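Notes follow once the structure below has been shown.
The values are calculated or read from the model by the stated rules, or taken from the named source; none is laboratory data. Treat the numbers as computed from the prediction; the structure is a model and nothing was measured. Here the Cβ positions follow ideal geometry from the backbone for every residue, glycine too, while neighbour counts run over all protein chains shown. Note: accessible area is taken over every heavy atom of the protein model, side chains too, but ligands, DNA and RNA are not part of it. Shrake-Rupley method; radii C 1.70, N 1.55, O 1.52, S 1.80 Å.
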Amino acid sequence: QVQLVDSGGGLVQTGGSLRLSCAASGRAFGASTMGWFRQAPGEGRDFVAAINSASTTYYADDVKGRFTISKDGAQNTVYLQMNSLKPEDTAVYYCAATVYSDMRAYYAYNYVYWGQGTQVTVSS
């Protein structure tokens with residue numbers, strides 16, 4: 001079993017940066033694909049980025065070039081560095097873990113374990 005605790009959200013102005021962290025417990029961390037999703041009010045939970053056990057990364061088109069996902073295996077932590085933030089990036093961000101390491105990592109229904117979410121607000 002994997003337990004996830006995500007943090008690092010906050011209020012930032014347009015063009016600013018934030019780094020989200022997701023601390024994972026459980027021996028399955030190294031074998032899992034870790035993903036970030038976000039959910040704006042009244043919207044569904046959308047894929048943002050993922051990194052698999054081989055450190056292959058996947059990004060949603062609207063964050064490519066602005067967001068970077070990375071992981072520290074020794075710390076069992078995955079990060080989401082978010083630069084050039086826009087008001088439309090405002091959402092609750094969730095980290096999640098899945099056993100799938102391919103294109104199935106794009107889909108929220110393939111993730112079993114979820115963090116509690118952290119609010120990111122970008123002011124215009």
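Take the residues of the range 68-104 that are farther than 19 Å from Gln116 by Cα and acidic (Asp, Glu): which is modelled with the lowest pLDDT? Among them, the one singled out is Asp102. When each of Thr98, Thr68 is tested for being touching a helix residue (DSSP H, G or I) at 6+ places or on another chain (Cβ under 9 Å) and either surrounded by 15 or more Cβ atoms within 10 Å (Cβ to Cβ) or of a type outside the set (Val, Ile, Thr) (or both), the lone residue that passes is Thr98. Applying the condition of being of a type in the set (Ser, Thr, Tyr) and more than 18 Å from Tyr79 (Cα to Cα) to the range 101-119 and asking which residue is surrounded by the fewest Cβ atoms within 10 Å (Cβ to Cβ) yields Tyr109.
Residue-by-condition table, conditions (1) among the hydrophobic types (A, V, I, L, M, F, W, C); (2) within 18 Å of Val99 (Cβ to Cβ); (3) in contact with a Cys (Cβ under 8 Å, 6 or more places away or on another chain):
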position	(1), (2), (3)
Leu18	yes, no, no
Arg38	no, no, no
Asn52	no, yes, no
Gly65	no, no, no
Ala74	yes, no, no
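Across the range 23-59, the number of residues qualifying as open to solvent by 60 Å² or more (accessible area, probe 1.4 Å), basic (Lys, Arg) and more than 22 Å from Gln75 (Cβ to Cβ) comes to 1. Restricting the range 10-22 to residues that are open to solvent by 10 Å² or more (accessible area, probe 1.4 Å) and in contact with a Gly (Cβ under 9 Å, 6 or more places away or on another chain), the residue that is nearest to Asn110 (Cα to Cα) is Ser21.
Of the strands (runs of 3 or more DSSP E) that lie entirely inside the range 1-102, those containing 3 or more residues that are more than 14 Å from Val120 (Cα to Cα) span 3-7, 18-25, 33-39, 45-51, 57-59, 67-72, 77-82, 91-98. The number of residues in the range 49-70 being under 18 Å from Ala23 (Cβ atoms) and in contact with a Phe, Trp or Tyr (Cβ under 7 Å, 6 or more places away or on another chain) comes to 4.
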